[in-house]
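Let me begin by presenting the structure, written as structure tokens, before commenting on it.
Here, each number is a calculation from the coordinates, and none is a lab measurement. Computed from a prediction, not measured in an experiment: that's the story for all the values here. Note that each Cβ is placed from the backbone with ideal geometry, even for glycine, and that neighbours are counted across all protein chains shown.
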Amino acid sequence: MRLDEKTALVTGGASGIGAACVRALAAAGAAVMVTDLDAAAGAALAAELGGADGRVRFHRQDVADEESWPPLMAEIRAQWGRLDVAVANAGIGIGGYVTSMALADWQRQNAVNLDGVFLTARHAVPLMAEGGGGALTVISSVAGLQGAPALAGYSATKAGVRYFAKSLALECAGQRNGVRVNSVHPGIIDTPIWTKIPQGNAPHRDPHDLAAHLAPVGRAGTPAEVAQAVLFLSSDAASYVTGAELAVDGGLSA
């Protein structure tokens, strides 16, 4: 699963699953562009992994802002001339029951989780196709495979990107542009999102306690375990895999 001489983009790459994906892709030999709103964490990660040749670079970005995309694509083109891998990871989670969720929270979650994935694809796929193809992996969730109380808004976005990925995979296959599109569905993963997300009127849940009760394997997953699934889908080892969904959830969706 080597990515030597390839370039990659990871949105929301400053922490959690995104940062683990950056580490895995870079370790496999790829040059990686990291984007995130957290400039301090993103720049620190790029400095740690980039080395003297700047193989890992950081670009501050709000994925839901379309004006942020052309400059990012221009930077990737100027720096490396191509894009082979894109990981649409940026996302937020807002818990709360539907009957008392604010419309503003619903719309913000849609903007990041749905619009952000759409814009990633809209701008990254043409650059990948220009170079002969590539792999776009959308980070969905086990919440995109099954429902959960107090997560209806979040589940709606993650189910949306699940089928967005399948439809886009068919579009790319039909166009013979060489771009594969798949989705990854993490389960209960030990990441900072559990302490960062606004809980609204939903009860706060510790991922380790939750996984002990719900995950058949009895533990929470790690970001690195999700990143290995992304690395597989991004590599030539998955050259005949497109339109697929890969659950990394310790058996939860089973």
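At a glance:
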item	result
For the stretch 1-85, convex hull volume per residue from C-alpha positions, Å³	84 Å³
Per-peptide average of other Cβ atoms within 10 Å, ordering 239-245, 222-228, 102-108 highest first	222-228, 239-245, 102-108
Rg in Å to one decimal, and Dmax rounded to a whole Å, for the chain via C-alpha atoms	17.2, 53
Computed lengthening from Gln107 to His213, 0.36 nm per intervening residue step minus Cα-Cα distance	35.0 nm
DSSP-defined beta bridges in the chain - what % are antiparallel, rounded to 5	0 percent
Extension gain (nm, one decimal) between Glu66 and Gln79, 0.36 nm per residue minus Cα-Cα	2.6 nm
Rounded to the nearest 20 debye, dipole of the chain from Cβ charges on Lys, Arg, Asp, Glu	320 debye
Options His213, Met33, Gly12, ranked by Cα towards positive dipole end of the chain, top entry (Cβ charges)	His213
Degrees separating the helix 16-27 axis from the principal Cα axis of the chain, which is the longest one	30 degrees
Charge-dipole axis of the chain as Lys and Arg at +1 and Asp and Glu at -1 on Cβ define it, positive-most pick from Tyr163, Met73, Thr137	Tyr163
Computed magnitude of the charge dipole of the stretch 97-218 (debye, nearest 20; Cβ of K, R +1, Cβ of D, E -1)	260 debye
Where Rh is the Kirkwood radius over Cα pairs, Rg/Rh for the stretch 121-251	1.02
³J(HN,Hα), Karplus 6.51/-1.76/1.60, whole Hz, each residue of the stretch 30-47, x for Gly, Pro	7, 7, 10, 9, 9, 10, 5, 7, 7, 5, 5, 5, x, 5, 5, 5, 4, 5
For the stretch 64-192, with +1 on Lys and Arg beta carbons and -1 on Asp and Glu, the positive-most of Asn177, Leu83, His123 along the dipole	Asn177
